[in-house]
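One structure is given here, and the rest of the page talks about it.
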Amino acid sequence: MPRVNTKLVCWEEVVDWCRKLAEAVEASGFKPDLIVSIARGGYIPARLLCDFLDVHDLVSLQVLHWGKAAEITAVAHVKYPYDLNLSGKRVLLVDDILDTGDSVIVARDYILSRWKPAELKIAAMQWISSVAKIKPDFYVEEVKDWIWYQYPWTRAEDTTNFFEKIISERVKEQKSEWSYEELVNEFKEWYGIDVGDSYYKLAVKRLKKNGKLEEKEGRYRVRY
Ligand code: AMP
């Protein structure tokens, strides 16, 4: 059994979910003039929604909330505040997933109070209904048991963070040296997914670069 419930998402699934999301928006009769993507997770779904809904205006707002390896590290906040006049516009606010829902709440409140659109609706591919503080107007999957969606746009980042998590947990049990194969096998065991060699290699390279691992004769020593 994996230690962290994780789903490996492929590009085709993303396209399929966004097509369904667009169909739901259309069926509701809501016609957005502009899409606001929440950076960074909402970027790709928002761009696909522009295509499927024939919306040509797309802007973004970066909200910081989640940090490393499926852990919350900060109170959600707008990283680069700026002003826009959206009076009279209908806005579709897009993120990949509503987990706690905090990012979407912060973005919605910011847009409504500062950009003042005529109307704002929220769309996300996934809605973790058991924990999210709000329900999006449009979603494709209602998720009841918490799971980490390993989207294709965070694959290198997640793999690096997951490796780092494994290393830091196992060092407590005095494991301070790894072979590449041991690391990869433990990753698959902990997360129950296989992201492929190119991502494992990229993650190891990053951990070496940021000083977490040191390579010696084909083995990796953990640096504290
Ligand atoms: P939240 O503010 O908790 O709703 O989540 C903020 C952002 O963190 C989301 O838009 C995702 O980009 C990322 N995130 C949070 N939870 C998950 C999850 N379970 N799986 C994948 N990404 C997540």
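The values are calculated or read from the model by the stated rules, or taken from the named source; none is laboratory data. Bear in mind that the values here come from a model prediction, so they are computed numbers and not experimental data. Methodologically, a virtual Cβ is constructed for each residue, glycine included, from the backbone with ideal geometry; neighbour enumeration extends over all protein chains shown. Please note that ligands, DNA and RNA were not included when accessible areas were found on the heavy atoms of the full protein model with its side chains. Shrake-Rupley method; radii C 1.70, N 1.55, O 1.52, S 1.80 Å.
Scanning segment 172-201 for residues that are of a type in the set (D, E, K, R), at pLDDT 95 or above and outside any strand (DSSP E or B) yields 181, 182, 186, 188, 189, 194, 197, 201.
Per the conditions (1) part of a loop (DSSP other than H, G, I, E, B); (2) at pLDDT 95 or above; (3) not basic (Lys, Arg), the sole criterion not satisfied by residue 23 is (1). Within segment 21-32, residues that are in the same structural domain as residue 92 (by TED's automatic domain parsing) have Cβ atoms under 6 Å from residues that are surrounded by 13 or more Cβ atoms within 10 Å (Cβ to Cβ) and in a helix (DSSP H, G or I) in these pairs: 22/49; 22/52; 22/53, counting only partners at least 6 apart in sequence or on another chain.
Considering only residues in segment 128-159 that are among the small types (Gly, Ala, Ser) and either free of Cβ contacts under 8 Å to residues at least 24 places away in the same chain or within 13 Å of residue 97 (Cβ to Cβ) (or both), the one that is nearest to the ligand (Cβ to nearest atom) turns out to be 132.
Determine, yes or no, whether residue 7 is basic (Lys, Arg) and more than 15 Å from the ligand (Cβ to nearest atom). Judged against the criteria, residue 7 is not a match.
Looking across segment 202-224, just one residue is assigned to a loop (DSSP other than H, G, I, E, B) and buried (at least 16 other Cβ atoms within 10 Å of the Cβ), and that is 212. Among the residues of segment 111-139, those that are part of a helix (DSSP H, G or I) and surrounded by fewer than 17 Cβ atoms within 10 Å (Cβ to Cβ) comprise 112, 113, 114. Please go through segment 158-196 and pick out each residue that is of a type in the set (Asp, Glu), under 19 Å from the mean Cα position of the chain (by Cα) and open to solvent by less than 60 Å² (accessible area, probe 1.4 Å). Listed by number, the residues that qualify are 158, 164. Exactly one residue out of 3, 19 is under 20 Å from the mean Cα position of the chain (by Cα), under 30 Å from residue 185 (Cβ atoms) and open to solvent by 40 Å² or more (accessible area, probe 1.4 Å): that is 3. The residues of segment 74-127 that are of a type in the set (D, E, K, R), within 8 Å of the ligand (Cβ to nearest atom) and either out of contact with any Pro (no Cβ under 6 Å at 6 or more places or on another chain) or within 16 Å of residue 33 (Cβ to Cβ) (or both), listed by number, are 95, 99, 102. Filtering segment 45-98 to residues that are in a strand (DSSP E or B), at pLDDT below 95 and surrounded by 15 or more Cβ atoms within 10 Å (Cβ to Cβ) leaves 64, 65, 66, 76.
Listed here are the residues, each with its yes/no results for (1) under 24 Å from residue 35 (Cβ atoms); (2) in the same structural domain as residue 31 (by TED's automatic domain parsing); (3) among the charged types (D, E, K, R).
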site: 136; (1), (2), (3): yes, yes, no
site: 166; (1), (2), (3): no, no, no
site: 178; (1), (2), (3): no, no, no
site: 189; (1), (2), (3): no, no, yes
site: 197; (1), (2), (3): no, no, yes
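Under the condition of being within 16 Å of the ligand (Cβ to nearest atom) and touching a Leu at 6+ places or on another chain (Cβ under 9 Å), the residues counted in segment 20-58 number 12. Take residue 10 and decide whether it is in contact with a Pro (Cβ under 8 Å, 6 or more places away or on another chain), over 19 Å from residue 134 (Cβ atoms) and not β-branched (Val, Ile, Thr). Against the criterion (in contact with a Pro (Cβ under 8 Å, 6 or more places away or on another chain), over 19 Å from residue 134 (Cβ atoms) and not β-branched (Val, Ile, Thr)), residue 10 qualifies.
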